[in-house]
Amino acid sequence: MPRQGLRVKVARKFKATTYSGHNLPVAENLLQQDFKATAINQKWAGDITYLWTKEGWLYLAVVLDLFSRQIIGWAMSPRMKSELVCDALRMALWRRHQPKGVIVHSDRGSQYCLEAYDADPGA
């Protein structure tokens, strides 16, 4: 390997981004593992991941339209707080012109269980 200029890359330890052992209210699972959509703005999915940068960890929240498989909302922050997922959802709602009746699915992490994320923006 050294003769070829190859080096071993050691895998980094897994870093959990979901804490579901909280006492916050959790929304009902309306999707029931049915990730197929027949039209845009029918089913969206959200998640958070993390990226290592020269300045440290950066968290990325995304919202994906399950029909088109397009990322329609995203937000980045050095902190994994509810504002991160709310900003990503706001972008998706703005880019898709405030659609009604969309099912938004995510994990049961505490960021997604706060009232700010659960509020109906059309109400």
- Checking Asn41 against (1) in a loop (DSSP other than H, G, I, E, B); (2) without any contact (Cβ under 8 Å) to a residue 60 or more places away in the chain; (3) over 19 Å from Glu28 (Cβ atoms), which single condition isn't satisfied? (2)
- Filtering segment 1-58 down to residues that are of a type in the set (D, E, K, R) and closer than 21 Å to Met91 by Cβ, which residue is modelled with the lowest pLDDT? Asp47
- Filter pass, Ser106 being surrounded by 15 or more Cβ atoms within 10 Å (Cβ to Cβ), polar (S, T, N, Q) and in contact (Cβ under 8 Å) with a residue 24 or more places away in the chain: yes
- Restricting attention to segment 31-49, which residues are surrounded by 15 or more Cβ atoms within 10 Å (Cβ to Cβ), closer than 25 Å to Lys81 by Cα and either out of contact with any strand residue (DSSP E or B) (no Cβ under 8 Å at 6 or more places or on another chain) or of a type outside the set (Asp, Glu) (or both)? Leu31, Lys43, Trp44, Ala45, Gly46, Ile48
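The values are calculated or read from the model by the stated rules, or taken from the named source; none is laboratory data. Worth saying up front: this structure is predicted, and the values here are computed from it rather than measured. Quick reminder, even Gly has a Cβ in these numbers, built from the backbone with ideal geometry, and neighbours come from all protein chains shown.
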